[in-house]
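Quick notes on the structure that follows.
Each value in this text was obtained by applying a stated rule to the coordinates, not by laboratory testing. Here the structure is a predicted model, which is why all the values come from computation and not from measurement. Glycine gets a Cβ as well: all are built from the backbone with ideal geometry, and neighbour counts include every protein chain shown.
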Protein chains: 2
Amino acid sequence: MSGVLIGVGVGPGAPDLMTLRAVNTLRSADVIAIPRRSVYDESLAWRIAKDNVGEVPGQERLFLTFPMTKDPERLRPAWEEAYAQLAPRLAAGKKVAFITEGDPLVYSTFIYLLAEVPQRFPGTRTEVVPAVSSITAVPAAVQIPVADGQERIAVLPATYGVEDLTRVLRDFDTVLLMKVSSVMPQVVEALEREGLLDRAVYVSRASTGQEKVVRDLRSIRNDKCDYFSMVMVAKKDRSGVLAGRFAQTAEVAR
Amino acid sequence: MSGVLIGVGVGPGAPDLMTLRAVNTLRSADVIAIPRRSVYDESLAWRIAKDNVGEVPGQERLFLTFPMTKDPERLRPAWEEAYAQLAPRLAAGKKVAFITEGDPLVYSTFIYLLAEVPQRFPGTRTEVVPAVSSITAVPAAVQIPVADGQERIAVLPATYGVEDLTRVLRDFDTVLLMKVSSVMPQVVEALEREGLLDRAVYVSRASTGQEKVVRDLRSIRNDKCDYFSMVMVAKKDRSGVLAGRFAQTAEVAR
């Protein structure tokens, strides 16, 4: 008998941006595994999901703590504890749904867990329930197209220098900069040099009650930034139905 | 009195990958505007949505035909007809939900419509309901992470040459090549030269009953390709919890 481990994305923040499949998967799971940053953290992912799931008789809610740190001395014991909690449940044939904010395969804890399955939980079947990620939730919040026609998209975590960022800004039409809180000065500098500051918008906690949109990036101080933030840069040099480019781009209409 | 035009993404294909908000928005709309390629086309987006929406008394279903062509002589009249159909409904204060397969802001017809709103439908309020796009649905189908930790993602439509593609493959960790059907020979050539052919997978119609996954790209002939197809290339040079990089990447855990 072997269990199933399902990575379930609950979307960007608004509970009604969960998919029908995510809700159904969580309602039918034997165990909902809920990652949190500390024992004092309610878990954003669970806050998104819980009212949609409701009370399910006999269902276990298993909180797993993954501290927000780069220190392996603190991380490894946390992961070992998570493996130790999950292994007997999967070995007993249970259906374990591991929830993640956003999508399970975009910068999420589930990616690390999925990689461990063959060694840690042999025989376990895995599934992924994709979700609305910030890659589409942020553009929807500001109603700016991610890409039309022939446009190219780049998504970067905040690990770039100014030169590196400049090259990507030149090569791509739409650039999504994830988790920008620590690097706003570099971002503003690169955008300014490329003349793209007015094509950029800062969005944090898109789709939640705490959504914030800032269109003048110069006004952002570090204390206003948020871990769940993104800068979207849409150059829009090439697009526009009425800009004479319609004939070239309409092939992607669907 | 002014209406509201809502771009509603219905997701990648499986009806249960629609969001709760998409279903609720479509159920409460006065008009569901349904783009299709021809009068003989049932509309993939509507096929995804219709059973979730069901029969709504008094609701209008307005089919709009956008031919799959680059010929402006055929496209312009189709768009003029769409504007002519939508304008009186919006002017009458109706809530019009325009459905799109995937996400409304990722390579979709809604992008062109949204751009026309100020001129064509003055006073109309607009909204976007984001959806699961192929950017996360394809990775979920093959259970390959889009990006973890410090990884970078590029999404390109099929308009590149081999040199151009080679550069992107070198600069990014995960590359998603959209609508590859017309350019498979170039894709295979570039991947082969970069030694990445075994890191690439072809997926068409992810999440639908017609989903197809091909791991040996050399075996693909043009007649096997599909308009709704993607090649996902995941280099995975930098990732891995147990590969000693965990301490650097765990900061993105959530």
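Based on the Kirkwood radius over alpha-carbon pairs, what value in µm²/s does the Stokes-Einstein equation return for the translational diffusion coefficient of chain B at 4 °C and 1.567 mPa s?
65
Per-residue ellipticity at 222 nm for chain B, helices alone: DSSP H runs ≥ 4 residues times -39500 (n - 2.57), over residue total, nearest 500 deg cm²/dmol?
So the helix-based figure for chain B works out to -10000 deg cm²/dmol.
In peptide A:14-26, how many Cβ atoms from other protein chains are near each Cβ within 10 Å, on average?
Counting Cβ atoms of other protein chains within 10 Å of each residue's Cβ and averaging gives 5.
Roughly how big is the protein assembly as shown's charge dipole about its Cα centre, with Cβ charges of +1 (Lys, Arg) and -1 (Asp, Glu), in debye to the nearest 20?
Numbers: 64 positive and 62 negative charges, 66 e Å.
With only Lys, Arg, Asp and Glu charged at Cβ, the dipole is about 320 debye.
Hey, could you grab the Kirkwood Rh for segment B:111-161? Inverse mean 1/r over distinct alpha carbon pairs, Å, one decimal. Could you put the intermediate results ahead of the total?
Details: mean 1/r = 0.0684 Å⁻¹.
It works out to 14.6 Å.
Hey, what's the per residue convex hull volume over the C-alpha atoms of segment A:10-72, in cubic angstrom? Walk me through the numbers before you get to the answer.
Details: hull volume 6.2 nm³, N = 63.
That works out to 99 Å³ per residue.
Output needed: percent of Cα pairs per 5 Å distance bin for segment A:4-129, bins running from 0 to the one holding the longest distance.
All Cα pairs, binned at 5 Å, distribute as 2, 11, 22, 25, 21, 12, 4, 1 percent.
Using the structure shown, list the pairs from A:Lys179/A:Lys212; A:Lys70/A:Lys179; A:Lys94/B:Lys212 with a Cα-Cα distance above 19 Å, or answer none.
Cα-Cα > 19 Å for A:Lys94/B:Lys212; rest within.
Going by amide H atoms built from the backbone, whose H comes under 5 Å of the H on A:Thr100, apart from near neighbours?
A:Val8, A:Gly9, A:Val10
Give the relative contact order (percent, whole number) for segment A:4-129; include only Cα pairs under 8 Å separated by 6+ residues. Don't skip to the end; give the middle numbers.
Working: 209 pairs, mean separation 53.4, N = 126.
Computed over segment A:4-129, the figure is 42 percent.
Peptides B:6-15, A:145-154: what's the order by average Cβ count within 10 Å, highest mean first?
So the order, starting with the most tightly packed, is B:6-15, A:145-154.
Rounding to the nearest 10 and keeping the result within 0 to 90°, find how far the Cα-based axis of helix A:109-120 lies from the longest principal axis of chain A.
40
With the Cα gyration tensor of segment A:67-179 in hand, give its eigenvalues times 5 under a square root as the equivalent ellipsoid semi-axes, listed largest first in whole angstrom. Numbers along the way, then the final one.
Numbers: eigenvalues 241, 69, 27 Å².
Value: 35, 19, 12 Å, ordered largest first.
More than 41 Å apart: what percent of Cα pairs in the protein assembly as shown qualify?
Details: 21664 of 128778 pairs.
The proportion of pairs with Cα distances above 41 Å equals 17 percent.
Of the peptides A:18-24, B:68-74, how do they stack up when ordered by the mean number of other Cβ atoms within 10 Å, highest first?
So the peptides A:18-24, B:68-74, ranked by packing, come out A:18-24, B:68-74.
Over 17 Å apart: what share of the alpha carbon pairs of segment A:46-120 falls there, rounded to a whole percent?
53
Going by how many other Cβ atoms sit within 10 Å of their own, how do A:Tyr83, A:Tyr202 line up, fewest first?
A:Tyr83, A:Tyr202
Nearest 5 percent is fine: what portion of the DSSP beta bridges confined to the protein assembly as shown is antiparallel? Could you put the intermediate results ahead of the total?
Values: 32 of 83 bridges.
So the antiparallel bridges amount to about 40 percent of the total.
Tabulate in residue order the Karplus-calculated ³J(HN,Hα) for segment B:90-95, using 6.51 cos²θ - 1.76 cosθ + 1.60 with θ = phi - 60°, rounded to whole Hz; enter x for Gly and Pro.
Whole-Hz 3J(HN,Hα) from phi for segment B:90-95: 5, 5, 7, x, 7, 9.
Of all the C-alpha pairs in segment A:134-242, what % are more than 18 Å from each other?
43
So how do A:132-138, B:93-99 stack up, highest first, on mean other-Cβ count within 10 Å?
Answer by packing, highest mean first, reads A:132-138, B:93-99.
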